[in-house]
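Below is one structure; the comments refer to it alone.
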Number of protein chains: 2
Amino acid sequence: MESLRVALGERSYPIHIGAGIIDSAELYAPYLSGGSAAIVTNEVVSPLYLSKVRAAIVSAGARVSAIVVEDGEQAKSWQTVDKVCDALLEARCGRDSLIVALGGGVVGDLAGFAAAVFQRGVPFLQVPTTLLAQVDSSVGGKTAINHARGKNMIGAFHQPLAVISDVATLDTLPERELRAGLAEVIKHGLALDLPFVEWLEKNIEKLLARERGALVYAVRRCCELKARIVAADEREAGERALLNFGHTFGHAIEGATGYGSWLHGEAISAGMVMAAELSLLTGSIRKDDAARVRALLARAGLPVKGPALSAERLLELMAVDKKAAKGRTRFVLLTAIGRAVLQADVDSRLVRAAIVAAAQ
Amino acid sequence: MESLRVALGERSYPIHIGAGIIDSAELYAPYLSGGSAAIVTNEVVSPLYLSKVRAAIVSAGARVSAIVVEDGEQAKSWQTVDKVCDALLEARCGRDSLIVALGGGVVGDLAGFAAAVFQRGVPFLQVPTTLLAQVDSSVGGKTAINHARGKNMIGAFHQPLAVISDVATLDTLPERELRAGLAEVIKHGLALDLPFVEWLEKNIEKLLARERGALVYAVRRCCELKARIVAADEREAGERALLNFGHTFGHAIEGATGYGSWLHGEAISAGMVMAAELSLLTGSIRKDDAARVRALLARAGLPVKGPALSAERLLELMAVDKKAAKGRTRFVLLTAIGRAVLQADVDSRLVRAAIVAAAQ
């Protein structure tokens, strides 16, 4: 098992990464002083891992209840938060009960937000069981639910007490979700770290084959990169927005197609191609850089073209994206492979042209 | 105008107290660098003060929208939070827009919670227009909505950037609400400050007559007492719970009678009588102390007896109150007039006896 730390003063926490660690009681024990825990998971993950996590918590000496929500993006709703709070009260959970988010990004966002607002905030652990959640959404304290007008419009910054990432759980991950997770892995490289991109170009097949050593390396590298950024900019006042490379376009794709028909990672993959085309059009990267972005994503089996939609519809959705500041949409552009920058004023004609170019 | 400060490091903020300050543009100007603001108020307060606050913000150079919610405790619902978020998105408000909570405790709790969760947190101002909100709920960053199983079960700690308390707005406050606000004023004295209780015993009629000098003094003293406690214990790990004197009983009364039929301050008044009787039964105060609690509340025109309900029903509701920790209900008891303490293990037979005694 490898461990690293997100340095956030009194909100600092460890990330543990390994194979077969999900049922290690000693990883849960430090956070159970309140004597009770509630595991929030979904109907797909619960038959696979709920009993293991439950047994670990029980053997660490706490009473535990389980709250099973529906699978999929629609669980990121207020109705589900209300249901979770209801179950917490039914189980007589209080301010010092521990919430354990067991599942992918949706469960982490939902359970994290419930932990942020239940009784004005209770402690929680992230136990991510998808690649996307292990490399990205479980780290950094962003929690959210969706609003009819946009994804993640309602949420909170609420840091977990620890993240327990067991790459053995990726054995049961559907192929499509593994690839969607690789989109976020590649994002970390493209936005922040050229050597990691080079490593991915050599090892992408090992990741697709779920080789545990390669998975631990990739999860660890992404967490290191993200932890460094989150420590410097917890509430996304600046640098942290670089982690949104591909997301301004990607969220619009998700919104336009209805949350869930494209997986988040798939939308972000097409979004990164659009962002690379935009970087090319603004002259900040060269043609072979943009081609390299496409090639790596294609090798990971990810979409490199957006959905069959007008550029206007995507532009409209981007305008309400939460990254809009003072009425303008900010874009994350590349200045090189491994180096992203924030750009506030981008001519909307270039944005439209980038969407069109990405569709070729 | 008098100003004091809540010392919370980088989350420190000023409280301004005066008569006729609600439309002072210079009090709003420091918080409008984002260029836009949304005033959240209700249908009762908006005809009285919305145009004044709107004019102040406009003359400070920002664009402003208004969101008017229904009056009353039922506005502390998720449906209303969703409506507020919808209006904020409609008005193209973003992460640097300022939310202004204009109204009483319900509007402050609701708008503060919306500010806490909209786009993972946006800045907000408290402009309280009831005595209860000026002396208590606008200070300290507690925000919340209600859940079917209990009051304030869902919320966040989200500090305002400033509190602007104009006692001239109390001129339009219904008599019953003024008295309900006095319950929280008296609570600050009983729990924390004997000299303030003595001042109240001399000046309660001046407050009932809405003499501005007396109101400014009382609001200021309560804010000083509360600011000191909040600075020492922002998230209510300990000392801050003393401010809940009367609230464990009071919340149960509100829950039992349906939120709104008893005003919060009225329930807290009867709750303080019960808490005083409990302090007497546990031997921590004398009979004349309990009588003094009743006498002051009665002079303020407040209820000193609970509703016509069985003690069992109140006990049951107290068991799910959020102050329950590890399955036990904590009580705030008096050891003297002006000195409260936290007590975790109280025999439920004594609690029942205190409820019965308060009904005499």
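The values are calculated or read from the model by the stated rules, or taken from the named source; none is laboratory data. Everything numeric in this text was worked out from a predicted model, so none of it was measured. Neighbour counts are summed over all protein chains in view; Cβ atoms, including those assigned to glycine, are modelled from backbone coordinates with ideal geometry. Note: areas computed on protein heavy atoms with side chains; ligands, DNA, RNA excluded. Shrake-Rupley method; radii C 1.70, N 1.55, O 1.52, S 1.80 Å.
A quick yes/no check of all residues on (1) open to solvent by less than 10 Å² (accessible area, probe 1.4 Å); (2) under 17 Å from the mean Cα position of the chain (by Cα); (3) closer than 23 Å to B:A7 by Cβ:
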{"residue": "B:L88", "(1), (2), (3)": "yes, no, no"}
{"residue": "B:L98", "(1), (2), (3)": "yes, no, yes"}
{"residue": "B:G103", "(1), (2), (3)": "yes, yes, no"}
{"residue": "B:F118", "(1), (2), (3)": "yes, no, no"}
{"residue": "B:F124", "(1), (2), (3)": "yes, yes, yes"}
{"residue": "B:L131", "(1), (2), (3)": "yes, yes, no"}
Return yes when A:A148 is of a type outside the set (S, T, N, Q), out of contact with any strand residue (DSSP E or B) (no Cβ under 8 Å at 6 or more places or on another chain) and within 14 Å of another protein chain (Cβ to nearest Cβ) and no when it is not. yes
I'd like to check something: does region A:316-329 contain any residue that is at pLDDT 95 or above, open to solvent by less than 40 Å² (accessible area, probe 1.4 Å) and under 30 Å from B:A38 (Cβ atoms)? no
Taking region B:115-136 and keeping only residues that are not aromatic (F, W, Y) and not in a helix (DSSP H, G or I), one is left with B:Q119, B:R120, B:G121, B:V122, B:P123, B:L125, B:Q126, B:V127, B:P128, B:T129, B:T130
Scanning region B:33-61 for residues that are over 26 Å from the mean Cα position of the chain (by Cα) and either without any contact (Cβ under 8 Å) to a residue 12 or more places away in the chain or open to solvent by 10 Å² or more (accessible area, probe 1.4 Å) (or both) gives B:S33, B:G34, B:G35, B:A55, B:V58, B:S59, B:A60, B:G61
The number of residues in region A:141-154 that are closer than 20 Å to A:A231 by Cβ, of a type outside the set (S, T, N, Q) and either modelled with pLDDT under 95 or surrounded by 24 or more Cβ atoms within 10 Å (Cβ to Cβ) (or both) is 1
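Residues checked against (1) farther than 21 Å from B:A183 by Cβ; (2) touching a Lys or Arg at 6+ places or on another chain (Cβ under 8 Å):
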site: B:G105; (1), (2): no, no
site: B:A111; (1), (2): yes, no
site: B:A115; (1), (2): yes, no
site: B:D136; (1), (2): no, yes
site: B:N146; (1), (2): no, yes
site: B:F157; (1), (2): yes, yes
site: B:S165; (1), (2): no, no
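Do we find a residue being in contact with a Pro (Cβ under 7 Å, 6 or more places away or on another chain) and either among the aromatic types (F, W, Y) or crowded, with 20+ Cβ neighbours inside 10 Å (or both) anywhere in region B:215-232?
Step one: list which residues in region B:215-232 are in contact with a Pro (Cβ under 7 Å, 6 or more places away or on another chain), which gives none.
No, there is no match, as no residue in region B:215-232 is in contact with a Pro (Cβ under 7 Å, 6 or more places away or on another chain) and either among the aromatic types (F, W, Y) or crowded, with 20+ Cβ neighbours inside 10 Å (or both).
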Picking from B:D109, B:D96, the residue that is in contact (Cβ under 8 Å) with a residue 24 or more places away in the chain, assigned to a loop (DSSP other than H, G, I, E, B) and of a type outside the set (K, R) would be B:D96
A careful count of residues in region A:160-172 that are surrounded by fewer than 23 Cβ atoms within 10 Å (Cβ to Cβ) and either within 11 Å of chain B (Cβ to nearest Cβ) or touching a residue at least 40 places away in the same chain (Cβ under 8 Å) (or both) gives 5
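The rows are residues; the columns are (1) in contact (Cβ under 8 Å) with a residue 60 or more places away in the chain; (2) among the basic types (K, R); (3) in contact with a Gly (Cβ under 7 Å, 6 or more places away or on another chain).
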{"site": "B:R11", "(1), (2), (3)": "yes, yes, no"}
{"site": "B:D23", "(1), (2), (3)": "no, no, no"}
{"site": "B:A29", "(1), (2), (3)": "no, no, no"}
{"site": "B:G72", "(1), (2), (3)": "yes, no, yes"}
